[in-house]
Amino acid sequence: MSPHKNIYLLKEYIKTFLATEIVFPGILPRQWGTDFTQSELDAIYFALKFVVHKAHPLQDRPMILAFEQMDELDNLNLHWFLSDYWRELVVILRLYPNFGDSYLASLN
């Protein structure tokens, strides 16, 4: 799955389950009854690794620690992590609007 798609899926997940207001213009919530697949949830987790890495080490310390303790295979933990920290993640994603591009570069 492409890195652009991973970041998009993260934004889509936040919009679908957590954000009631417009946080990412152009990102619509997923249609009711259309679940995220396991591979999509894995891609969201992979995108989170990169996004959390961009977090401020002091200001976002609780989020960083919570992410480090999260089990990659536990989708419920992923949901609760996003539920707790989606606002902080939105701030980071807005600070880096070309995340997909820098995300690609970091993989090379």
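Of the chymotrypsin sites (Phe, Trp or Tyr not before Pro) found in region 1-61, those in coil by DSSP whose Cβ has at most 14 other Cβ atoms within 10 Å are Trp32. Shown here for region 20-87: GluC sites (Glu not before Pro) in loop regions (DSSP other than H, G, I, E, B) with at most 14 other Cβ atoms within 10 Å, namely Glu21, Glu72.
Only Cα pairs under 8 Å and 6+ residues apart enter the sum, and on that basis the relative contact order of the chain stands at 33 percent. As a calculated quantity, the FRET efficiency between Trp32 and Arg94 at R0 = 30 Å, using C-beta atoms, amounts to about 0.65. Considering only Leu89, Leu58, Leu28, the mean-square fluctuation computed in a Gaussian network model of the chain, springs between alpha carbons under 10 angstrom, is largest for Leu58. About the centre of its Cα atoms, the chain shows a dipole size close to 380 debye [charges on the beta carbon of Lys, Arg (+1) and Asp, Glu (-1) only; nearest 20 debye]. Pairs of Cα atoms in the chain fall into 5 Å distance bins, from 0 up to the last occupied one, in shares of 2, 12, 25, 26, 23, 10, 2, 0 percent. Using the rule -39500 (n - 2.57) for each DSSP H run of four or more residues, divided by the residues of the chain, the 222 nm mean residue ellipticity is -21000 deg cm²/dmol. Excluding Arg61 itself, calculate the net charge of residues whose Cβ lies under 13 Å from the Cβ of Arg61, where each Lys or Arg counts +1 and each Asp or Glu counts -1. Charge balance near Arg61 sits at -3.
Laboratory data are not the source of any read-out in this text; all were calculated from the coordinates shown. Quick caveat, the model's predicted, so the values are computed rather than measured. Ideal geometry is used to build each Cβ from the backbone, glycine not excepted, and the neighbour counts take in all protein chains shown.
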